[in-house]
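The structure under discussion appears below in the form of structure tokens.
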Amino acid sequence: MKLHFTKMQGTGNDYVYVNMFTEKIEDASALAVRISDRHFGIGSDGLILVAPSDVADCRMIMYNADGSRGAMCGNGIRCVAKYAYEHGIVHDENITVETDSGVKSLVLTVEGGEVTYVSVNMGQACLKSAEIPVTASGETFINETLTVDNREYKATCVSMGNPHCVIFTKNIDGMDLETIGPRFENHKWFPDRINTEFVEIINEHTIKMRVWERGSGETISCGTGTCASVVAACLNGYCKQGEEIEVQVRGGKLYDTYMISGEVMMKGPATTVFDGEIDV
């Protein structure tokens, strides 16, 4: 059977997108593993299904490269919005998308019938340890000590629908994430595993980030990760709440604001790479 797909990316965070309004998949988890392989598959950070929803314009169902389910992906949801608009699933520039972490509102920038930028209300940043989850003592985990491989780090944990641990440090380009990333991801204090952001402060309106994503390894961008990093930067006094922060990732730039209300707004590009079909 032939499966039609679209390869898309948001600041280099690339997924394979399938239209579940017209296609059928029996085992999405196994398919995600197969197609994500960059040598023997299509090559991606995972699989995202654009599906019907009873509560929003459409639904985003996300799988990581290892086949595990993901609750939310900031770069992915921008591409879902672009896909839905350009494939006629939605017709307005203000849309809603159901995710496993709730319904998100998005505003599309359309030029000549093509979606170029998408702004997303990512919802409330969750700081409660029990809900992130972090099993360390304390209601929140802000600038707390986390020991990994006998080294102490100051960490701030935030959930943006999925769990993040933010580490502020210097010279992030020289870090060996292949070694240190899995140690954070599988730390005993994170029962659901964790996404880890290593953040370098450029100035109060600019930060630089590398990310190790649970289930995928290092990716060159992570939308929820940039949001969590901006929240953490504000909580630790590096940036100001209510002001837009440029986040530099290896795949480009995103623009996030930690609103006074506690919600996080994210703005960034969405790009189609190619369409294709694969035997399944």
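If you check 158, 103, which single one turns out to be in a strand (DSSP E or B), in the same structural domain as residue 48 (by TED's automatic domain parsing) and touching a strand residue (DSSP E or B) at 6+ places or on another chain (Cβ under 9 Å)? Only one candidate qualifies: 103.
Scan the range 24-42 and tell me whether some residue there is of a type in the set (Gly, Ala, Ser), under 22 Å from residue 2 (Cβ atoms), surrounded by fewer than 16 Cβ atoms within 10 Å (Cβ to Cβ) and without any contact (Cβ under 8 Å) to a residue 40 or more places away in the chain. The answer is yes; a qualifying residue exists.
Taking the range 48-67 as the range and being buried (at least 17 other Cβ atoms within 10 Å of the Cβ), touching a Gly at 6+ places or on another chain (Cβ under 7 Å) and farther than 19 Å from residue 121 by Cα as the test, the residues that pass are 48, 63, 64, 65. If I ask for residues that are in a strand (DSSP E or B) and either in contact with a Ser or Thr (Cβ under 6 Å, 6 or more places away or on another chain) or surrounded by fewer than 21 Cβ atoms within 10 Å (Cβ to Cβ) (or both), which ones from the range 258-267 would you list? If the condition is that a residue be in a strand (DSSP E or B) and either in contact with a Ser or Thr (Cβ under 6 Å, 6 or more places away or on another chain) or surrounded by fewer than 21 Cβ atoms within 10 Å (Cβ to Cβ) (or both), then 263, 265, 267 are the ones that fit. For the range 129-153, taking the residues that are outside any loop (DSSP other than H, G, I, E, B) and acidic (Asp, Glu), the one that is farthest from residue 179 (Cα to Cα) is identified as 144. Pick from 182, 163, 191: which is farther than 16 Å from residue 249 by Cα, free of Cβ contacts under 8 Å to residues at least 60 places away in the same chain, touching a Ser or Thr at 6+ places or on another chain (Cβ under 7 Å) and not small (Gly, Ala, Ser)? Step by step, each of 182, 163, 191 is checked, and only 191 is farther than 16 Å from residue 249 by Cα, free of Cβ contacts under 8 Å to residues at least 60 places away in the same chain, touching a Ser or Thr at 6+ places or on another chain (Cβ under 7 Å) and not small (Gly, Ala, Ser). Evaluation of residue 217 against the conditions (1) among the small types (Gly, Ala, Ser); (2) under 21 Å from residue 79 (Cβ atoms); (3) buried (at least 20 other Cβ atoms within 10 Å of the Cβ) shows that the sole unmet condition is (3).
Among the numbered conditions (1) farther than 27 Å from residue 247 by Cβ; (2) touching a Cys at 6+ places or on another chain (Cβ under 6 Å), the only one that residue 62 does not meet is (1). Consider the range 61-79 and keep the residues that are among the charged types (D, E, K, R) and not in a strand (DSSP E or B). The one that is farthest from the chain's Cα centre (by Cα) is 66.
Restricting to the range 240-254, name every residue that is in contact with a Gly (Cβ under 7 Å, 6 or more places away or on another chain) and assigned to a strand (DSSP E or B).
Looking only at the range 240-254, we keep the residues that are in contact with a Gly (Cβ under 7 Å, 6 or more places away or on another chain), and these are 250-252, 254.
Scanning the range 240-254 gives 252, 254.
Whether any residue in the range 4-21 is among the aliphatic types (A, V, I, L, M), over 14 Å from residue 79 (Cβ atoms), outside any loop (DSSP other than H, G, I, E, B) and in the same structural domain as residue 87 (by TED's automatic domain parsing) is what I want to check.
Quick first cut of the range 4-21, residues among the aliphatic types (A, V, I, L, M) only: 8, 16, 18, 20.
Those left that are additionally over 14 Å from residue 79 (Cβ atoms): 20.
Checking the rest, the ones that are also outside any loop (DSSP other than H, G, I, E, B) come to none.
No, the range 4-21 contains no residue that is among the aliphatic types (A, V, I, L, M), over 14 Å from residue 79 (Cβ atoms), outside any loop (DSSP other than H, G, I, E, B) and in the same structural domain as residue 87 (by TED's automatic domain parsing).
The values are calculated or read from the model by the stated rules, or taken from the named source; none is laboratory data. Please read all numbers here as calculations on a predicted model, not as lab measurements. When we count neighbours, we look across all protein chains shown, and the Cβ atoms used for this are built from the backbone with ideal geometry, even at glycine.
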